[in-house]
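Notes for the one structure printed next.
The values are calculated or read from the model by the stated rules, or taken from the named source; none is laboratory data. Note that the structure is a prediction, hence the values are computed from the model and not measured. With ideal geometry, Cβ positions are generated from the backbone for all residues, glycine too; neighbour counts draw on all protein chains shown. Surface accessibility is based on the protein's heavy atoms, side chains included, excluding ligands, DNA and RNA. Shrake-Rupley method; radii C 1.70, N 1.55, O 1.52, S 1.80 Å.
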Amino acid sequence: LELVPMDGKGEAADSVSAFKKLVEEYGIVAEIGTNFSSCNIPMASVADEVKVPIIGTAASNELVTVDENGKLHPYSFRMCFIDSYLGTVIGNYSAKELGYTKAALFTIAGNTNSESVGKFVKDAFTANGGTIVADEQCQEGDVDFRAQLANIKNADPEVIFVLMNDYAKIATFAKQARELGIECLLMGHDGWDSAQLAGEAAGALEGCVYFSRIGFNSPEAKAFGERVVAEYNTSMEAECLFGRDGVYWIADAINRAGSADPVAIRDALESTDVFEGLIGTLVMHPETHNPSMACAVYKCVGDAFEYQATIEAQ
């Protein structure tokens, strides 16, 4: 396999342009990425048009693989659990396992992932008898959350669902919350998945938890992550596991299809029964192009988040 990298810059227009360039100038037969739902959603219709399969990594919004009417994008796949699954897990865990009855919700206005997961967290939490006592939002570029935190403090929640995707902003939110005397648990989703978050928060997230993929909690995944860190002088981020598994899943599809034709690869990806990767066992649902996959709970202890438990796919 020859890998051709291209940077979509985390922007929808740039990602679509990069994908078109990969198809038109490099003749790629399949594409891995991005890790942003906001980028993969517009890329999906392009993939259908050019008939080249794309595999979103951490792109978890429902609309990555289906349109607004629920019609399947035949050439768009993903390797992560979807927002509805993760949001439901978080809401259920908070109410059922931790026994919370009052929660605050904090999301980013206009952010596809943040608002989508937030909706499902809210639905699950309230379905279990809980109440959302404060529902606050910020804008994408905000770094001062004190006004929203003042409203949250007045509502006196037992837990705050903090659904942001930038570790520096999450850390800032946590530190500002503690400065205002908010001592309740902060709980997050896979947007918290950074090796730098706990240290950046400087103790403000101690004891707090988030839910994400299983990550580096198998010997094979940890060994691969350490190789990436050594090779590229970077922190250990779970995205490298998605990239690795995406390559191997495409190779598996080519082998099963007996062809590197993009349409044949698409058919083989869709007909995947089970794929064993470093991120765990992927079971593909052909009618949705979404996988069933377990997720994990992580707790902040000192300058790191430590794996606590696995929640099996439901």
Query raised in the report: Conditions: (1) without any contact (Cβ under 8 Å) to a residue 60 or more places away in the chain; (2) in a helix (DSSP H, G or I); (3) within 30 Å of A103 (Cβ to Cβ); (4) open to solvent by less than 40 Å² (accessible area, probe 1.4 Å). A198 meets all but one. Number of the miss?
Result: (1)
Query raised in the report: When segment 229-243 is examined, which residues are found to be at pLDDT 95 or above and either open to solvent by less than 30 Å² (accessible area, probe 1.4 Å) or among the acidic types (D, E) (or both)?
Result: E231
**Report entry** Residue in segment 123-133 that is of a type outside the set (S, T, N, Q), in contact with a Lys or Arg (Cβ under 9 Å, 6 or more places away or on another chain), open to solvent by 60 Å² or more (accessible area, probe 1.4 Å) and more than 23 Å from G10 (Cα to Cα) present
**Finding:** no
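With respect to D273, is the statement that it is touching a residue at least 12 places away in the same chain (Cβ under 8 Å), over 21 Å from the mean Cα position of the chain (by Cα) and open to solvent by 50 Å² or more (accessible area, probe 1.4 Å) true? Don't jump to the end; show me each part of the working.
Details: touching a residue at least 12 places away in the same chain (Cβ under 8 Å): no; over 21 Å from the mean Cα position of the chain (by Cα): yes; open to solvent by 50 Å² or more (accessible area, probe 1.4 Å): yes.
Judged against the criteria, D273 is not a match.
Any residue that is in a loop (DSSP other than H, G, I, E, B), modelled with pLDDT of 95 or more, more than 13 Å from C184 (Cβ to Cβ) and not acidic (D, E) - is there at least one of those in segment 83-93? Walk me through it before giving the result.
Of all residues in segment 83-93, those in a loop (DSSP other than H, G, I, E, B) come to none.
Within segment 83-93 (the criterion being in a loop (DSSP other than H, G, I, E, B), modelled with pLDDT of 95 or more, more than 13 Å from C184 (Cβ to Cβ) and not acidic (D, E)), the answer is no, since none of the residues qualifies.
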Query raised in the report: Out of curiosity, is L3 of a type in the set (A, V, I, L, M), in contact (Cβ under 8 Å) with a residue 12 or more places away in the chain and open to solvent by 30 Å² or more (accessible area, probe 1.4 Å)?
Result: yes
Query raised in the report: In this structure, is D123 acidic (D, E) and outside any helix (DSSP H, G or I)?
Result: no
Report summary line: Only unsatisfied item for V159, checking (1) touching a residue at least 40 places away in the same chain (Cβ under 8 Å); (2) under 14 Å from the mean Cα position of the chain (by Cα), is (2)
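Mind listing whichever residues of segment 66-80 are surrounded by fewer than 24 Cβ atoms within 10 Å (Cβ to Cβ) and either of a type outside the set (A, V, I, L, M) or in a loop (DSSP other than H, G, I, E, B) (or both)? Quick ask: steps written out before the conclusion?
Step one: of segment 66-80, the residues surrounded by fewer than 24 Cβ atoms within 10 Å (Cβ to Cβ) are 66-74.
D67, E68, N69, G70, K71, H73, P74, listed by residue number.
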Query raised in the report: Only one of these conditions is not met by Q148: (1) in a helix (DSSP H, G or I); (2) of a type in the set (S, T, N, Q); (3) in contact with a helix residue (DSSP H, G or I) (Cβ under 7 Å, 6 or more places away or on another chain). Which number is it?
Result: (3)
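Pick from segment 164-194 the residues that are assigned to a loop (DSSP other than H, G, I, E, B) and hydrophobic (A, V, I, L, M, F, W, C): which of them is nearest to G215 (Cα to Cα)?
M164
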Report summary line: With the first residue restricted to segment 87-112 and required to be within 11 Å of V159 (Cα to Cα), and the second required to be acidic (D, E) and part of a loop (DSSP other than H, G, I, E, B), Cβ contacts under 8 Å at 6 or more apart or on different chains are Y100/E158; T101/E158; K102/D156; K102/E158; A103/E158
